[in-house]
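The values are calculated or read from the model by the stated rules, or taken from the named source; none is laboratory data. Values in this document were obtained by computation on a predicted structure and should not be read as measured data. Cβ: placed from backbone, ideal geometry, glycine included. Neighbour counts: every protein chain shown. Surface areas here come from the heavy atoms of the whole protein model, side chains and all, with no ligands, DNA or RNA. Shrake-Rupley method; radii C 1.70, N 1.55, O 1.52, S 1.80 Å.
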Amino acid sequence: MPGQFFEEEFDAVYREWHRPLLARASLVCGAQHALASDAVQETFVQCWRRINNPDADPVRNWGPWLTRTVIREAIKVCSRHSGTAPLDDAEPSTHVPDLAGLMDVKEGFLHVCTAIASLPARQREVMALYYLAGIPTVEVGDMLGIDPSTVRVQLSKARRKLEPLSVKLKQLGLLNGEGGGQQ
C-alpha cells in the first residue's frame, strides 16, 4: 500500500518532534497551552501535507523545518488571539506540558515561560524567530515588516529583561552565547 510509507514516516516524525515543538510553541505563546497546541497541530498538518506531496522536495532534516514552521504558526495564533488574558490573570492550567521527560528543567521552563510572557509581543516574536527558529535578523525583519536594526534593538531589550534568567535560558537552548540566527 503506497500511503503506508507516508504514515510510518509521519508517525516517526510526530513521535520525535511533538514534545520539543510544544515546548517551543509554549515559549512563544507565553505558556498558553491551548494556543501552543493549536500551533503544533497546524505544524503537523503542514508536515502531513508535505510528506504526502509527491511534487515537493523531500525534507531531509525535519528539525529545522518543523521548528521554523511551529514558530511561525505560534506567532500567527498568538496574534489572532491577542485579546486573551495575560498569564498572571489566567487560571493555572492542568495541561501544562510535562517536560520532565524532555529535559530536567521543568521548573526552570515554567519560570522562563512566565518571564517571556511578560515581554512585549514584538520582543517575544523576534526572540522566537531568532533564537528558536534560527532565522537571521534580516529575514526576521522581512517577516515582521520591520527594519533589521529594529529586530536587533528588540532582541537586546529582551535579553536585558531576561538577563536574570540567562542560565535557565541557556539550559533550554534559547540563548547559547552565539545567538540563534545570523546577523
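Taking Trp65 as the residue in question, decide whether it is among the hydrophobic types (A, V, I, L, M, F, W, C), surrounded by fewer than 18 Cβ atoms within 10 Å (Cβ to Cβ) and under 13 Å from the mean Cα position of the chain (by Cα). Here the answer is yes, as Trp65 does meet what is asked. Residues that are outside any helix (DSSP H, G or I), open to solvent by less than 30 Å² (accessible area, probe 1.4 Å), closer than 20 Å to Ala74 by Cβ and at pLDDT below 85: does region 158-170 have at least one? No: zero hits.
The C-beta contact set for region 71-83 (first residue at pLDDT 85 or above, second residue polar (S, T, N, Q) and buried (at least 20 other Cβ atoms within 10 Å of the Cβ), distance under 6 angstrom, 6+ apart or interchain) comprises Glu73/Thr43. When you look at Val70, is it out of contact with any strand residue (DSSP E or B) (no Cβ under 9 Å at 6 or more places or on another chain), surrounded by fewer than 23 Cβ atoms within 10 Å (Cβ to Cβ) and of a type in the set (A, V, I, L, M), yes or no? So Val70 fails the test.
Could you list, in sequence order, all residues of region 95-131 that are over 11 Å from Gly30 (Cα atoms), open to solvent by 70 Å² or more (accessible area, probe 1.4 Å), at pLDDT below 80 and in a helix (DSSP H, G or I)? Once the filter is applied, which keeps residues that are over 11 Å from Gly30 (Cα atoms), open to solvent by 70 Å² or more (accessible area, probe 1.4 Å), at pLDDT below 80 and in a helix (DSSP H, G or I), region 95-131 yields Lys106, Glu107. Annotation: Pro54 fulfils all but one of (1) open to solvent by 70 Å² or more (accessible area, probe 1.4 Å); (2) over 18 Å from Phe6 (Cα atoms); the unmet one is (2).
Of Gly134, Gly173, all but one fail to be part of a loop (DSSP other than H, G, I, E, B), on the phi > 0 side of the Ramachandran plot, at pLDDT 65 or above and within 14 Å of the chain's Cα centre (by Cα); the exception is Gly134.
Among the residues of this structure, Gly30 counts as one that is open to solvent by less than 70 Å² (accessible area, probe 1.4 Å) and closer than 14 Å to Val77 by Cβ.
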